[in-house]
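Worksheet: one structure, shown below.
Computed from the coordinates by the stated procedures, all read-outs in this text should not be read as laboratory data. Every value quoted in this text rests on a predicted model; they were computed, and no experiment measured them. No Cβ is skipped: glycine too gets one built from the backbone with ideal geometry, and neighbour counts run over all protein chains shown.
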Number of protein chains: 2
Amino acid sequence: MTSIDMIRAAADRIDGHARHTPLLSSPFLDEIAGRRVLIKPECLQHTGSFKYRGARSAISALGAATRAKGVIAFSSGNHAQGIALAARQMGAPAVIIMPEDAPRLKIANTRAYGAEVVLYDRAREDRDAIGDRLATERGLTLIKPFDEPQVIAGQGTSGLEIARDARAMGVETADVLVCCGGGGLTAGIALALEADAPGLRARPVEPQGYDDVTRSLAADRIERNAQMGGGLCDAILTPQPGDLTFPVMQRLCGPGIVVSDDDALRAMALAWQRLKLVAEPGGAVALAAALFHGQQLQGDTVIAVISGGNVDQPIFDRALATLPQA
Amino acid sequence: MTSIDMIRAAADRIDGHARHTPLLSSPFLDEIAGRRVLIKPECLQHTGSFKYRGARSAISALGAATRAKGVIAFSSGNHAQGIALAARQMGAPAVIIMPEDAPRLKIANTRAYGAEVVLYDRAREDRDAIGDRLATERGLTLIKPFDEPQVIAGQGTSGLEIARDARAMGVETADVLVCCGGGGLTAGIALALEADAPGLRARPVEPQGYDDVTRSLAADRIERNAQMGGGLCDAILTPQPGDLTFPVMQRLCGPGIVVSDDDALRAMALAWQRLKLVAEPGGAVALAAALFHGQQLQGDTVIAVISGGNVDQPIFDRALATLPQA
């Protein structure tokens with residue numbers, strides 16, 4: 001499993017490649033939240049989400065011969081783009097298996113980052129069988145999106161940055177709200193904070209109806225979502241917490257927080273207006289919790305990760321429509 | 001006039017207050033431009049534009065007794081917000097004179113940052129007379145928006161950051177494109193680059209119809225715009241180059257570049273899509289020049305400053321409407 005030493009080693013490997021994102025703020029957001037709000041904008045990371053960290057960490061941890069054969073991933077979203085770009089930068093071929101009904105823009109972006117995209121028919125084909133066959137034929141290494149120690153280590157590098165930058169701003173205690181799907185980012189940040197900023201506590205934030213992590217933490221065992229797909233926060237809809245990420249979250253995280261889709265849209269609009277940042281719905285749930293669910297928080301400062309910004313225009317328009325008209 | 005020593009002293013004074021903005025990039029923008037594009041996102045600066053740097057620099061350069069009496073500024077836009085926040089942070093009262101028909105949101109924001117807003121009737125009242133009276137009565141110090149040595153020094157601190165960060169990325173020669181109104185940011189950056197990165201050359205970028213600096217540089221004497229107001233790029237519409245800024249630009253800058261309003265809107269849309277940044281029209285003209293006017297540039301890398309992101313929603317909607325629909 002991922003250790004703090006693995007996170008520090010990942011930070012060394014991705015140094016100069018992944019961006020060290022800053023901690024941003026706005027007095028207008030502080031006023032809404034009733035406390036100081038610091039934002040970690042991973043939407044500014046390469047490929048528009050934190051996923052690049054884990055992808056670069058995992059691919060750079062492979063031996064040279066293994067890496068040269070290539071990597072494979074299943075994703076129609078941010079993990080696909082992170083893997084595609086990191087693989088190209090390190091000279092590793094990358095195959096991404098995507099459903100053929102994935103948004104054209106995401107397919108186009110993943111190809112533009114240099115990956116070979118293999119499309120499959122969700123109704124008639126078995127994704128895993130296609131992946132297994134390609135991996136065996138070509139000797140590709142599968143990079144899982146979250147339940148993979150070197151991916152968690154890569155995501156944890158953002159936690160090292162939060163620990164260092166929060167301390168430099170005089171923040172020693174705070175809840176650190178993390179947009180949570182399978183828990184790779186949340187677990188990675190929790191491990192980094194445990195080592196470098198024990199007064200900061202990671203807390204997962206999820207959308208209503210997809211609150212598997214929140215319920216699992218409350219029940220002290222892994223619980224699944226009743227539904228899958230169809231939600232606005234597509235980037236963080238996973239069936240259940242990971243086998244590797246859940247024990248970490250259980251040991252280190254505070255209670256989960258659940259926000260509505262409307263909360264996420266309103267947070268996107270405020271990120272646009274007050275931070276000049278583009279957030280996607282799943283990337284805005286932590287900010288939504290900081291702004292609109294303060295009664296569940298402790299302390300006079302809260303840190304919220306905006307985990308990604310890859311949003312289609314119609315959904316972004318819906319977000320801006322939540323602003324009061326001037 | 002502003003010297004490199006004044007810029008370094010301003011950097012010391014604003015250190016820990018102004019944000020050191022990063023240099024961002026996207027392979028998609030590189031492909032459009034046909035060269036490497038690095039973006040300096042001053043839209044992420046406090047108050048959403050570079051103006052905070054000059055405001056903080058100028059107010060912090062005042063003696064304690066002068067500062068305690070307060071400052072005054074004329075602005076309905078980014079300078080107003082920069083002065084308001086910097087003054088509040090340093091305990092200086094701030095009075096901002098704004099036309100009573102200024103957008104309500106800008107008036108509200110300026111007040112929210114802690115300034116006293118004095119409204120006047122453009123048709124019937126004399127702005128300067130009101131300002132003079134208040135300044136005399138209360139002993140306020142006028143902070144001009146660009147033709148003021150300590151303001152130029154503050155804006156120049158972004159040039160010090162560009163010089164340092166470009167070198168760390170291996171960039172020794174490049175055009176540095178700067179959104180240009182009165183020339184405070186352009187002149188400040190040019191002075192910083194002269195000292196710290198002589199292979200980088202500042203070049204002003206202006207909107208069509210308001211290209212006073214470009215024409216002045218070409219004619220080697222100050223020329224005025226034929227029209228004022230009404231343009232999309234409101235943040236950078238000034239009647240003519242400043243008496244202090246023009247000689248600096250004349251000595252150090254490459255030729256100006258002129259872009260259309262439509263170029264600016266397209267650049268805003270690409271900043272949203274590829275950089276996850278919110279730019280205002282006047283803040284996007286330099287990126288527009290980098291992307292769409294490459295034949296006027298030299299070298300395999302270009303650096304473009306996004307100078308601000310304070311844009312109203314209807315104009316932002318117009319920008320996104322320029323994107324091809326998926």
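Before moving on, here are some points about what is shown:
- Working note: Cα gyration tensor of segment B:122-247, eigenvalues times five, square-rooted, sorted largest first, giving semi-axes of 30, 19, 12 Å.
- Separation of segment B:3-51 and segment A:1-66, taken as the distance between their Cα centroids, equals 20 angstrom.
- Order of B:Met1, B:Met268 under a 10 Å beta carbon neighbour criterion, fewest first: B:Met1, B:Met268
- Among B:Asp196, B:Asp312, B:Asp262: highest mean-square fluctuation, GNM of chain B, C-alpha pairs under 10 Å: B:Asp312
- Placing +1 on the Cβ of every Lys and Arg and -1 on the Cβ of every Asp and Glu, with no other charges, gives segment A:106-239 a dipole of roughly 200 debye about its Cα centre.
- Rg to Rh quotient for segment B:240-286, alpha carbon positions, Kirkwood Rh: 1.13
- Whole-Å semi-axes of the ellipsoid equivalent to chain A (Cα gyration tensor, √5λ, descending): 30, 22, 19
- In order along segment A:27-34, the Karplus-derived 3J(HN,Hα) couplings, from 6.51 cos²θ - 1.76 cosθ + 1.60 at θ = phi - 60°, round to x, 5, 6, 4, 5, 4, 7, x Hz, and Gly and Pro are given as x.
- For B:Val259, residues with placed amide H under 5 Å, excluding near neighbours: B:Glu206, B:Gln208
- Beta bridges by DSSP in chain B, antiparallel share as percent, to the nearest 5: 5
- Applying Stokes-Einstein at 10 °C and 1.306 mPa s to the Kirkwood radius of the protein assembly as shown, computed over alpha-carbon pairs, gives a translational diffusion coefficient of 63 µm² s⁻¹.
- Taken about its Cα centre, the protein assembly as shown carries a charge dipole of roughly 720 debye when the Cβ of each Lys and Arg holds +1 and the Cβ of each Asp and Glu holds -1.
- Percent of Cα pairs exceeding the 19 Å cut-off, where the set is segment A:52-142: 34
- About its Cα centre, chain B has a charge dipole of approximately 700 debye under the convention of +1 per Lys or Arg Cβ and -1 per Asp or Glu Cβ, with nothing else charged.
- Taking all pairs of distinct alpha-carbon atoms in segment A:158-315, Kirkwood radius in angstrom: 15.4
- Spatial separation of Cα centroids for segment A:307-326 and segment A:99-157, in angstrom: 28
- Between the listed residues B:Gly209, B:Phe316, B:Gln250, the Cα displaced farthest toward the positive end of the dipole of segment B:197-326, a dipole computed from Cβ unit charges relative to the Cα centre, is found at B:Gln250.
- Each of A:Cys233, A:Cys179 was scored by other Cβ atoms within 10 Å of its Cβ. Arranged with the fewest first, they read A:Cys233, A:Cys179.
- Global form of segment B:1-118, assessed from the alpha-carbon gyration tensor, a/c cut-off 1.5: oblate
- For segment B:225-326, the relative contact order works out to 28 percent when only alpha carbon pairs closer than 8 Å and six or more residues apart are counted.
- Spatial separation of Cα centroids for segment B:239-278 and segment A:200-271, in angstrom: 43
- Under Karplus coefficients 6.51, -1.76 and 1.60, residue-wise ³J(HN,Hα) of segment A:280-288 in Hz, glycine/proline x: 8, x, x, x, 9, 5, 5, 4, 4
- Structural descriptor for chain A: relative contact order 21 percent, calculated from alpha carbon pairs under 8 angstrom and at least 6 residues apart.
- Surrounding net charge for B:Thr141, when Lys and Arg each add one and Asp and Glu each subtract one, Cβ distance under 12 Å: +3
- Take every DSSP beta bridge whose two residues both sit in the protein assembly as shown; close to 10 percent of them are antiparallel.
- Tilt relative to chain B, helix B:149-168 - C-alpha long axis, 0 to 90 degrees, to 10: 30
- Qualifying trypsin sites (Lys or Arg not before Pro) for segment B:124-212 [loop in DSSP, other Cβ within 10 Å: at most 14]: B:Arg124
- Residue-averaged 222 nm ellipticity for chain B, from DSSP H runs of 4+ at -39500 (n - 2.57), nearest 500: -13500 deg cm²/dmol
- Pairs over the 30 Å Cα-Cα cut-off, from the set A:Lys69/B:Lys40; A:Lys69/B:Lys276; A:Lys69/A:Lys106; A:Lys144/B:Lys40; A:Lys51/B:Lys106: A:Lys69/B:Lys40; A:Lys69/B:Lys276; A:Lys144/B:Lys40; A:Lys51/B:Lys106.
- Ascending count of other beta-carbon atoms within 10 Å, so fewest first, for A:Asp128, B:Asp175: A:Asp128, B:Asp175
- Ranking B:Ala288, B:Ile303, B:Gly230 by how far each Cα lies toward the positive end of the dipole of segment B:205-326 (charges on Cβ) leaves B:Ile303 at the top.
- Karplus-derived 3J(HN,Hα) values for segment A:308-313, using 6.51 cos²θ - 1.76 cosθ + 1.60 with θ = phi - 60°, are x, x, 8, 10, 7, 4 Hz; glycine and proline are entered as x.
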